[in-house]
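The values are calculated or read from the model by the stated rules, or taken from the named source; none is laboratory data. What you see is a predicted model; the values in this text were computed from it and never measured. Every residue, glycine among them, receives a Cβ derived from its backbone with ideal geometry; neighbour counts consider all protein chains shown. When the accessible area is computed, the model is the full protein with side chains, heavy atoms only, and any ligands, DNA or RNA have been set aside. Shrake-Rupley method; radii C 1.70, N 1.55, O 1.52, S 1.80 Å.
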Amino acid sequence: MILMLLLAVSLSHIISASEVKSTKHHHNHHFDILILTQHWPYTTCLDWEESGSRHKCREITHANWTVHGLWPTQWGKIAPSFCNNSWKFDHNLLKPIMTDMSLYWPDVEMRDQPDSLWTHEWTKHGTCATQLPQTNSEVAYFSKGCELAQENRITDWLEIAGVVPSNDATYSLEDVWDAVMKGTGCMRPHIDCVKIDGQVFISEIKICYSKNFSRVNCDGIKSGVGGHMMGKCLRYGRFSYPSSADSFSYLYSADHEGSEPHLLTNSGMIGGIVCTVLALSAVGLAVGYMLYRRSRRRGRGYESL
């Protein structure tokens, strides 16, 4: 019992140290490019709901790729961020553009804090973007994000290429890559996937801009690069492009190229849960596992590059 308590305390100290490190602010505020990151709402919702038993999503009435953020970025680094903590987000300033914000930059995650996504994006990224005349205020920053979303209609680009949301089909990175390359005028994007309970979903597509807001290649940003394509989807052979947030009960899973998809049923999920509960018979292992999952998932949501 003493050994297990020591293990739990040690894990807590490790996690606390990692959290302090992750919240360290960058004081070098220069940046090289801006990354327009758009996310798929059903994947965002699935990821959010799976990360906490009380996590809920707002109703998604019109599923489109929408803005996650507009991020000033240094080549090869996740920086700068939090450039002016005294410049607080003000909801009232966005009232003139609220129709566009609801359409192009909505937040599907239900959190305790009102305007949680917008507050986070402004505080972490928007205050750094104010160095540019086109994004030199809160309303200018969010207006520019909405404007760029209108220029980058990823939903339409994918549909033209035959890549459509589905609960019984999977796609390769090349399927999505070619469609987005055509839409951007051959400027190389960054395409990310996320694995949720063993299933792989497309999650975000990043398109890069120079400081004068011309599209540029995303080759210099941090994260997965392989061959002529870039992004976290490179880790997987195929992935799902869900057409609802209820996809766990009937989506096919195919993590590797050429692997046979297997149907995930409710009964299979229940059986797996029961087996997992029975397997976690040691209290120390259970505590360690929970702490480990907490540390892994803290990076999700609004904190991705």
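Miscellaneous remarks
- Scanning the range 35-92 for residues that are part of a loop (DSSP other than H, G, I, E, B), acidic (D, E) and touching a residue at least 24 places away in the same chain (Cβ under 8 Å) yields a single hit, D90.
- Residues satisfying the stated conditions in the range 78-128, i.e. among the aromatic types (F, W, Y) and in contact with a strand residue (DSSP E or B) (Cβ under 9 Å, 6 or more places away or on another chain): Y104, W105
- K232 vs. criteria under 21 Å from L70 (Cα atoms), in contact (Cβ under 8 Å) with a residue 60 or more places away in the chain and not small (G, A, S): no
- Residue satisfying all of: in the range 165-193; open to solvent by 30 Å² or more (accessible area, probe 1.4 Å) and charged (D, E, K, R); farthest from G231 (Cα to Cα) among these: D168
- For A63, the requirement of being among the small types (G, A, S) and at pLDDT below 95 is met.
- Matching residues in the range 93-116 - criterion: being among the acidic types (D, E) and touching a residue at least 40 places away in the same chain (Cβ under 8 Å): D100, D107, E109
- Among the conditions (1) open to solvent by less than 20 Å² (accessible area, probe 1.4 Å); (2) closer than 14 Å to H68 by Cα, the only one that D115 does not satisfy is (1).
- Where K206 falls short, out of the listed (1) among the basic types (K, R); (2) assigned to a loop (DSSP other than H, G, I, E, B); (3) touching a residue at least 60 places away in the same chain (Cβ under 8 Å): (2)
- The one condition in (1) among the charged types (D, E, K, R); (2) open to solvent by 30 Å² or more (accessible area, probe 1.4 Å); (3) over 22 Å from S214 (Cβ atoms) that E109 fails to fulfil: (2)
- Qualifying residue in the range 213-231 (condition: crowded, with 23+ Cβ neighbours inside 10 Å, in contact with a strand residue (DSSP E or B) (Cβ under 8 Å, 6 or more places away or on another chain) and more than 20 Å from K77 (Cα to Cα)): no
- G183 passes every criterion in (1) small (G, A, S); (2) assigned to a strand (DSSP E or B); (3) closer than 17 Å to E151 by Cα apart from (2).
- Residue count, the range 129-164 (criterion: open to solvent by less than 50 Å² (accessible area, probe 1.4 Å), closer than 15 Å to I205 by Cβ and in a loop (DSSP other than H, G, I, E, B)): 2
- Test: G126 is under 19 Å from the mean Cα position of the chain (by Cα), among the small types (G, A, S), more than 17 Å from E204 (Cα to Cα) and buried (at least 19 other Cβ atoms within 10 Å of the Cβ): yes
- From the options I191, I196, I160, residue that is in contact (Cβ under 8 Å) with a residue 60 or more places away in the chain and not acidic (D, E): I196
- Contacts under 9 angstrom Cβ, first residue in the range 130-157 being β-branched (V, I, T), partner modelled with pLDDT under 95, 6 or more apart: T155/A63
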